[in-house]
1. Just how much of Thr217 is accessible, in Å², when a 1.4 Å probe is used and the result is rounded to the nearest 10?
2. Could you state the number of Å between the C-alpha centres of region 129-181 and region 1-28?
3. In region 181-272, which trypsin sites (Lys or Arg not before Pro) are in a loop and have at most 11 other Cβ atoms within 10 Å, using DSSP for the loop call?
4. In nanometres, what is the gap between the two model label sites at Arg57 and Val11, each 7 Å from Cα along Cα-to-Cβ?
5. What percent do you get for the relative contact order of region 238-384 when only Cα pairs under 8 Å and 6+ apart count?
6. Return the long-range amide H neighbours of Glu117 (sequence gap of 5 or more, or a different chain), with a cut-off of under 5 Å between placed amide H atoms.
7. Per-residue HN-Hα couplings for region 320-328, Karplus 6.51 cos²θ - 1.76 cosθ + 1.60 at θ = phi - 60°, whole Hz, x for Gly and Pro?
8. What accessible area, in Å² to the nearest ten, does a 1.4 Å probe give for Ser306?
Amino acid sequence: MAIAQPASRPVNPRFSSGPCAKPPAFTLDKLSGAALGRSHRAAIGKAKLKAAIDETREILGIPADYRIGIVPASDTGAVEMAMWSMLGARKATMLAWESFGAGWVTDVVKQLKIDAEVKEAGYGEIVDFAEVDFDTDVVFTWNGTTSGVRVPNGDAIPADRAGLTICDATSAAFAMDLPWDKLDVVTFSWQKVLGGEAAHGMLILSPRAVERLESYTPAWPLPKLFRMTKGGKLNEGIFKGETINTPSMLAVEDYLVALDWARSVGGLKGLIARADANTAAVSAFVETHDWIDFLASDPATRSNTSVCVKFTDARIKDGAAFAKAVAKRLEAENAALDVGAYRDAPPGLRIWCGSTVETADVEALLPWIEWAFEAEIAAQTEAA
Ligand SMILES: Cc1ncc(COP(=O)(O)O)c(C=O)c1O
């Protein structure tokens, strides 16, 4: 039976998993200090790029001896730069449990044609890290954005590994603790947990990753956009804000504003707490409604950013059509935008619970999910 619509809506219905909601207090005039129409190599531009790097280090607690670079082409650019520059020196192990991880497998196996072992798990599951050989170079995604499954911690990664760990942390950084000592390459973009703008990627390198760059030359040619060394030495300028090519200073300003906001909510701790509170609100709802469940089977691997849920009601006839119709109703009512499951993922909803999302908005959304679910069950029954 259809139920009445909830009395109120989320103030901000933006629950997309990327680009994600801007910080709550964001307005465009906050960008008025952007160094627009100036060279990014002028003192003001350089200072802003360096500030973006320094603030990132401080908020994320990145060790002083790790390099942080702003690179082209968002998170994909950063991951590709790392893989194309570093892999091939030893055997690789590719881990994937959803579509983005699977994309990196394609790159390594089909494009770079590297000797690699591929370990995959289905949507909702994760690869067993205890079975991974960390003396190979291991590529993995910390948080599977399309499955809502994340690595619980870095305990299974040995401190004395011989290989490099290359970690795509784009939907994890700023919302989850990352064990820097266990990660040699970490990448993310600005438009996820901090609600920044797309365009640039962050590439973070451990001293061991730098050593690889300086001691190994891949057999394939590297385009200028990927080159991080000059004459066998790291191009240190990249990691001080001298970007390889021209960055958007508007996007840089926006990132700086987002970092300021991150500080205002208590830095990394505060950001994690916000994402945790959002996810807890969804959990409480899932636990008290028997027609909905998490896609992630093990609570220990459940994401606190890209929270993926599925409909489990036996009355549902066509799971994909049903979930799509629910998402459409939520969008039409301006209760939630962009919450349909990712195109390659099992049917369901994906509710971004990252730090820029307000818990009150998640709480206001949940009764709307119930309303849309019941409305769609009723519509399905009527159509039968
Ligand atoms: C885990 C993961 N990797 C890579 C990407 C691609 O990111 P970008 O569009 O910033 O290159 C995404 C985008 O959602 C992602 O979730």
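The values are calculated or read from the model by the stated rules, or taken from the named source; none is laboratory data. Quantities reported herein were computed from a predicted structural model and do not represent experimental measurements. Cβ sites come from the backbone with ideal geometry, for glycine too, and all protein chains shown count toward neighbours. Remember, those area values only see protein heavy atoms, side chains included, never the ligands or the DNA or RNA. Shrake-Rupley method; radii C 1.70, N 1.55, O 1.52, S 1.80 Å.
1. For Thr217, solvent-accessible area is about 120 Å².
2. Cα centroid to Cα centroid, the span is 31 Å.
3. Passing sites in region 181-272 do not exist.
4. Between Arg57 and Val11, the label points sit 3.6 nm apart.
5. Once divided by the residue count of region 238-384, the mean separation gives 25 percent.
6. The list, which skips near neighbours in sequence, is Ala92, Thr93, Met94.
7. The phi angles translate into 5, 5, 5, 4, 4, 5, 5, 4, 5 Hz.
8. That residue has around 0 Å² of solvent-accessible surface.
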